[in-house]
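Participant: The structure that follows is given in the form of structure tokens.
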Amino acid sequence: MVIKALALALLCLVLACGSASERSEKEQVGQKAFEKYCVSCHGADGKKALAGASDLSLSTLSRQEADNILRQGQGNMPAFGSFLDDSTLIELVSYLQELKTHD
């Protein structure tokens, strides 16, 4: 009986805390910006490479280099710095780093 009560309490605690795989609201900002502005050329996994877009999974850009390209644009990609705020750009760069398949 005590073991069942402890197991139930543990289950309730886990459910109350949420899943470890859930993204924080802050992290979701970068993902949502990517989905809105980037997926059409880069694809959901960053590998689509449409219209000259880079395969983001193979990117060797540093965070600063990616931030500069996002702000200023490059090739067919527009300058997102003209309409996205700094915090969104920072979270977008963080999300882009997650798409890399290497270090």
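Since every read-out is calculated from the coordinates, none of them should be taken as a lab result. None of the values given here were measured: they were computed from a predicted structure. Neighbour counts run over all protein chains shown; Cβ positions are idealised from the backbone, glycine included.
Participant: Given the Cα-Cα distance of residue 36 and residue 100 and 0.36 nm per residue of separation, how much length would full extension add, in nm?
Facilitator: 21.1 nm
Participant: For Cα pairs less than 8 Å apart in space and 6+ apart in sequence, what is the mean separation divided by the residue count of the stretch 24-99, i.e. the relative contact order in percent?
Facilitator: Dividing the mean separation by the residue count of the stretch 24-99 yields 36 percent.
Participant: How far apart, in nm, are two points set 7 Å out from the Cα along the Cα-to-Cβ line at residue 58 and at residue 25?
Facilitator: Computed distance between label sites residue 58 and residue 25 equals 3.9 nm.
Participant: Spelling out what I want: for every residue of the stretch 63-68, take phi, set θ = phi - 60°, compute 6.51 cos²θ - 1.76 cosθ + 1.60 (Karplus), and round to whole Hz; glycine and proline get x.
Facilitator: Listing the rounded values in order: 4, 5, 5, 4, 4, 4 Hz.
Participant: OK, next. Could you give me the ³J(HN,Hα) list for the stretch 32-42, computed from phi with Karplus coefficients 6.51, -1.76, 1.60 and θ = phi - 60°, whole Hz, x at Gly and Pro?
Facilitator: Using θ = phi - 60°, the values come out as 5, 5, 4, 4, 6, 10, 10, 4, 4, 9, 8 Hz.
Participant: Among 43, 90, 62, whose Cα projects farthest towards the positive end of the dipole of the stretch 24-99, with charges put on the beta-carbon of Lys, Arg (+1) and Asp, Glu (-1)?
Facilitator: Ranked along the dipole, the leading option is 43.
Participant: Specify whether the C-alpha gyration tensor of the stretch 24-99 places it in the rounded, prolate or oblate class, a ≥ b ≥ c being the square roots of the eigenvalues: rounded for a/c under 1.5, otherwise prolate if a/b is larger than b/c and oblate if not.
Facilitator: Note, shape of the stretch 24-99 comes out rounded.
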